Amino acid sequence: MKKRESFLLKGHICYSNEQGKLLVKPDSYAVCREGICQGVFKEIPEAFADLPIRDTGDCLVIPGLTDLHTHAPQYPFRGLGMDLELLDWLNIHTFPEEARYKDAEYAQRAYAMYVEDLKQSAVTRAVIFATLHVEATEILMDLLESSGLETYVGKVNMDRNGGTELQEESAQTSARETRRWLKEIEGSYIHTRPILTPRFIPSCSDSLMKELKKIQEEYHLPLQSHLSENPQEVAWVKELCPNAASYSDAYFQAGLFGGSEPAIMAHCIWVDDEEIALMKQQGIYVAHCPQSNANLASGIAPIRKFLEKGVRVGLGSDMAAGSTPSILRAMADAVQCSKLRWRYVDPVAKPLTFAEVFYMGTLGGGSFFGKVGSFLPGYAFDALILDDSSLRQPRRLELLERLERFIYLGDDRNIAGKYINGVPVF
Ligand code: GUN
Ligand code: FE
């Protein structure tokens, strides 16, 4: 393990301390002691006077970003099939591509490209779907472990509706492969953790869900899946689960809807008030994926309502349904989509503010990993140094304006440095 360093990071420091709040501390010091943030100070406190100073000049310093929902094997076809809806997109593009990961050599090549790009991006932590293949999932985990990123990775479970190429033979096979994966990776990683990953209800039989529940009880693993993304998908789940009151209830009845083990549900667009109450009760994390939702015409998630009801929300790229893995872009898209929802769907749902989406991309999603996503004392020291000097501007902007503009105009080329747990990634 690389040494967790101790130092003072000097710059214009911007971070959230609670939902909707954005703090801006010009020319200040974020203190990192052995990978843990000790707070942000205008003057160097006596206790930290011996630590070395790393001066970022006129750069902005923000917490690292968390991608709460993405698909590593879909990297090769991002930007394709964006004129389709979910179920056609899955059958035409997604499942055939994911089937290629049966071939370990292909997985190695494709995943190496994906991980290298993720390392260069503003993302410090991610929760990732692999494919149903154990060997390829382990290849991905090996690459991620050496990248310095902090991740959860799921070997996908699917025992129905994947066609001949992308489906496990039975619930028992799927469970057996999941156990084999968990055994094989035991003790192998520090930064790369397993997460249970039933793809979505149409991919997982009732017996498979029962098997996964047993595995969860044995291993105490969190879970990720998809929920209520597309109207046809929701109707299909109703047919597949006639005894469930809702799509959420189908997971809940299986004992796989949060509660004692945390769960991330991607999308959550077509959920009703009862489901939202259940989500709140079970501590569900919503992975809001606005670009994906626009690309596949899935709909616009009721994020304002989630915030009002106290449901936790982070941002997801959902690559490749979202064509970019950028969480900066996800912040901008979240604002944009919320405005369309307000204009066309729900005139009382006030659009999201910049501070609200900034929170979602940092502390909101980061909290899935524990004390992550802020520069509050005790938080993991994950930081990005943003150099916006090439984003030309004839007058001087306020720091908050610079940050907001960066979210819209900045990209990987403007990231001058990145720390995870106080360790420089580049
Ligand atoms: N639902 C089930 N699988 C997928 C997937 O790979 N991407 C998206 N966007 N939705 C899904
Ligand atoms: Fe997804």
Where SER260, SER292 fall by accessible area, highest first, once all protein chains stay in place (1.4 Å): SER260, SER292
Taking θ as phi - 60°, what are the ³J(HN,Hα) couplings along the stretch 107-119 by the Karplus curve (6.51, -1.76, 1.60), each to the nearest whole Hz, with x for Gly and Pro? 4, 4, 5, 5, 5, 4, 5, 4, 5, 4, 5, 5, 4
Roll a 1.4 Å probe over the protein chains and send me the accessible area per residue for the stretch 184-314 in Å². 38
Using the Cα centre of the chain as origin and beta-carbon charges of +1 (Lys, Arg) and -1 (Asp, Glu), tell me which of PRO262, GLY79, SER170 is placed farthest towards the positive end of the dipole. PRO262
So ARG396 and ASP103, fully extended at 0.36 nm per residue minus their Cα-Cα distance, gain in nm 100.2 nm
Summing -39500 (n - 2.57) over the DSSP H runs of n ≥ 4 in the chain and dividing by its residue number, what mean residue ellipticity at 222 nm do you reach, to the nearest 500 deg cm²/dmol? -10000 deg cm²/dmol
Would you mind counting up the charge near GLU5? Only other residues with Cβ under 12 Å from its Cβ, with Lys and Arg at +1 and Asp and Glu at -1. +4
On a 1.4 Å probe surface of the protein chains, which of LYS42, LYS119 comes out largest in accessible area, and what is the full order? LYS42, LYS119
Computed lengthening from GLN172 to LEU340, 0.36 nm per intervening residue step minus Cα-Cα distance: 56.0 nm
Near PRO222, within a Cβ-to-Cβ distance under 10 Å, what is the net charge of the other residues, with Lys and Arg +1 and Asp and Glu -1? 0
Which order do peptides 46-55, 75-84, 305-314 fall in by mean Cβ count within 10 Å, highest first? 305-314, 75-84, 46-55
Reported to the nearest 10 Å², CYS14 has, with a 1.4 Å probe, an accessible area equal to 0
Using packing as a proxy for protection, rank 211-224, 135-148 so that the peptide with the highest average count of other Cβ atoms within 10 Å comes first. 135-148, 211-224
With angles folded into 0 to 90 degrees, how steeply does helix 273-282 sit against the dominant principal axis of the chain? Use alpha carbons for both and round to 10. 70
Could you give the length gained by full extension between ILE92 and LYS350, i.e. 0.36 nm per residue of separation minus their alpha carbon distance, to one decimal place? 89.2 nm
Of the heavy-atom accessible surface of the chain (probe 1.4 angstrom), what whole percent is carbon and sulfur? 50
Sites ASP206 and ALA297, calculated FRET efficiency, Cβ-Cβ separation with R0 22 Å, nearest 0.05: 0.15
Quick one: work out the % antiparallel among DSSP beta bridges in the chain, nearest 5. 40
Counting only protein heavy atoms and leaving out ligands, DNA and RNA, the solvent-accessible surface of LYS418 at a 1.4 Å probe, in Å² to the nearest 10, equals 0
Please compute the contact order of the stretch 136-181 in relative form: average sequence separation of alpha-carbon pairs under 8 Å and at least six residues apart, divided by the residue count, as a percent. 29
Work out the P(r) tail for the chain: percent of alpha carbon pairs separated by more than 40 Å, whole number. 15
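The values are calculated or read from the model by the stated rules, or taken from the named source; none is laboratory data. Fair warning: this is a prediction, and the values are worked out from it, not measured in the lab. We place every Cβ from the backbone using ideal geometry, glycine too, and count neighbours over all the protein chains shown. Just the protein is used for accessible areas: all its heavy atoms, side chains included, with ligands, DNA and RNA removed. Shrake-Rupley method; radii C 1.70, N 1.55, O 1.52, S 1.80 Å.
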